[in-house]
Ligand SMILES: Nc1ncnc2c1ncn2[C@@H]1O[C@H](COP(=O)(O)OP(=O)(O)OP(=O)(O)O)[C@@H](O)[C@H]1O
């Protein structure tokens, strides 16, 4: 390693902006929301945006949306399984018809029973009608079973299709969309709740249709018995409907509160159960404080549950009282019709049966209408995310990225992250050539990682261009570019698969390997020693979640990740602080491998590192500063210029010498 040359620089580069003065903290601080409505204090409202929506919707709003929702679910079902959807619709209609015929046949039974003559004769005369009623009921039961079977066939298919579409779309959207906080919320909401309700809503729409058809059937039967019975039906069912609306709203409102409280409690249970937090919690003896907060919240939930239970009982009582008044009026009017001779006694008794069945249907209709209304908002959300994902997919193009790259040219690139005012890259230009190893160094936030992602086509510049062998990356098929880049990051993905799968994962497979290349990559990265120490070696599962699975240390994971990057043998290798968690010999071995033992000689390697000792031997070093390249050259050239690089290098080198050798008074370090 060459030492610094020339005089030590006057000052070291420091933070760009001084933070505002910080006042002393208060003596006590609440662990969470203390007073008022706990739902107001929850930040993660994205998770519950639609909770309680049905509680705030008017009956007109709920009813107005139902046809569209039913059509939407019908379309999804049709796409998932035509035969089962058709079976469900036909059997549902037939079942409603059976219910109506059953009611009419019941009136026939009553006519015989209420006729003149000895009782045995009347019963005997009613037997055929009784058999008919039984027949209708039996057929209806069979049809309902057929609806359930069809529903059981179609529901999982809808969910599977939605989940597959959702994941395959969202897994491919462009990186900058994935990093957007709103997008993150939307996707997780769709995954957590949209998919869940998509499964539930099919059954709910079937029940809604069944209740609606039941109500229509009842109205039809009453119309046949006597048209004047229709207004009577409304008189009887409307108060019941009003009570049902009220109670459905109260239930949705209570669900929202309950959900919010539960989520807050779960934060504490997660912390208490989390394996990563376990050591710190125990050494800090923090469990008691967490349990106390947990207890405080669960007590509030218990109070809330009781309050809601009492409230719901009162609402139901009020509903039944109002419904009772409506029933009283209905039966009085029915009695008047019978006395006036408008209606035969049997038809009157049949009307009572029909009105009761109508009330049951209406209550169910209201209940399911609210459920479907609220749950459809989640399904809509899921479909909207899918639609948005389609617009955020990386571009496809006929031009494919080359498998060998001679030159990567970065020309006056400007890049600003969405929602940010200051650019992360502000006019960056340089060229990388096949076989070169180039280091990016610079202070935190100076733009190194952003620049690496632009080289890989993961972001697109707003101004300027990144070209591979003279072709702008924006003209190439995005996925074909990604296939020609290997990225190793400081926090690599820890795939919960076998050691071998972890190494081959960068090549688009988890199961197929080129054994010699794997061995070469593992040796170069120092991962061979890690794998050799595992009980089932290459086949060992790297996750404690599986039987026989093993847990690796951060440094061991880093070696596996470097092996993954090397195994891909792509024309461009990006290493973004891959060795930060490695021990010094491993780090040294990785840099040796990257600089001298690479698997392909024409590979362009970009190495981002804060440990400047590791970049000394790179062909070139680019020093980033505030989104620009402030200095560029070999280590010796940069040390000779005595700029920021020389200052940083001298400071780090000074850290390895006894403190007496460092001039702490001025903050600068003397080199040797
Ligand atoms: N995903 C992102 N969304 C918004 N801003 C970002 C994002 N990633 C980075 N930035 C911002 O862009 C600037 C450059 O960040 P970048 O990660 O490229 O710097 P860096 O030099 O790699 O830093 P470090 O040495 O800390 O890794 C910083 O101001 C950072 O806050």
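The values are calculated or read from the model by the stated rules, or taken from the named source; none is laboratory data. A quick note: this is a predicted structure, and the numbers were derived from the prediction, not measured. Here Cβ is always computed from backbone atoms with ideal geometry, including for glycine, and neighbour counts include all displayed protein chains.
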Filter result for residue 350 (surrounded by 14 or more Cβ atoms within 10 Å (Cβ to Cβ) and on the phi > 0 side of the Ramachandran plot): no
Boolean, residue 456 is closer than 22 Å to residue 635 by Cα, within 16 Å of the ligand (Cβ to nearest atom), in contact with a strand residue (DSSP E or B) (Cβ under 7 Å, 6 or more places away or on another chain) and in contact (Cβ under 8 Å) with a residue 24 or more places away in the chain: no
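Okay, residues lined up against (1) in a helix (DSSP H, G or I); (2) modelled with pLDDT of 65 or more:
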position: 35; (1), (2): no, no
position: 39; (1), (2): yes, no
position: 71; (1), (2): yes, yes
position: 77; (1), (2): yes, yes
Every residue from the range 564-607 that is within 16 Å of the ligand (Cβ to nearest atom) and either surrounded by 23 or more Cβ atoms within 10 Å (Cβ to Cβ) or more than 35 Å from the chain's Cα centre (by Cα) (or both): 574, 575, 578, 579, 606, 607
Residue count, the range 494-543 (criterion: free of Cβ contacts under 8 Å to residues at least 60 places away in the same chain, within 20 Å of residue 482 (Cα to Cα) and touching a strand residue (DSSP E or B) at 6+ places or on another chain (Cβ under 8 Å)): 0
Matching entry among 299, 327 (being part of a helix (DSSP H, G or I) and closer than 30 Å to residue 217 by Cα): 327
Subset of the range 376-412 [touching a helix residue (DSSP H, G or I) at 6+ places or on another chain (Cβ under 6 Å) and within 16 Å of the ligand (Cβ to nearest atom)]: 392
Which listed residue, of 508, 470, 526, is at pLDDT 90 or above and either away from the ligand (no atom under 16 Å from the Cβ) or in contact with a helix residue (DSSP H, G or I) (Cβ under 6 Å, 6 or more places away or on another chain) (or both): 470
Qualifying residue in the range 446-454 (condition: at pLDDT 90 or above and under 14 Å from residue 570 (Cβ atoms)): yes
Enumeration of residues in the range 134-156 that are over 19 Å from residue 213 (Cα atoms) and touching a helix residue (DSSP H, G or I) at 6+ places or on another chain (Cβ under 6 Å): 153, 154, 155
Some residue of the range 397-406 being in a strand (DSSP E or B), surrounded by fewer than 23 Cβ atoms within 10 Å (Cβ to Cβ) and modelled with pLDDT of 85 or more: yes
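Given the residues 548, 554, which is the only one that is touching a residue at least 24 places away in the same chain (Cβ under 8 Å), surrounded by fewer than 21 Cβ atoms within 10 Å (Cβ to Cβ), away from the ligand (no atom under 16 Å from the Cβ) and under 30 Å from the mean Cα position of the chain (by Cα)?
Step by step, each of 548, 554 is checked, and only 554 is touching a residue at least 24 places away in the same chain (Cβ under 8 Å), surrounded by fewer than 21 Cβ atoms within 10 Å (Cβ to Cβ), away from the ligand (no atom under 16 Å from the Cβ) and under 30 Å from the mean Cα position of the chain (by Cα).
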Residues that are more than 13 Å from the ligand (Cβ to nearest atom) and surrounded by fewer than 21 Cβ atoms within 10 Å (Cβ to Cβ), drawn from the range 615-631: 616, 617, 619, 620, 631
Residue count for the range 294-317, restricted to those that are in contact with a helix residue (DSSP H, G or I) (Cβ under 7 Å, 6 or more places away or on another chain) and modelled with pLDDT under 85: 9
Inter-residue pairs, beta-carbon under 7 Å, first over 18 Å from residue 569 (Cβ atoms) and in the range 431-443, second within 16 Å of the ligand (Cβ to nearest atom) and part of a loop (DSSP other than H, G, I, E, B), 6+ apart: 439/609; 441/609; 443/13
Tally of residues being farther than 19 Å from residue 648 by Cβ and either out of contact with any strand residue (DSSP E or B) (no Cβ under 8 Å at 6 or more places or on another chain) or within 7 Å of the ligand (Cβ to nearest atom) (or both) across the range 426-452: 1
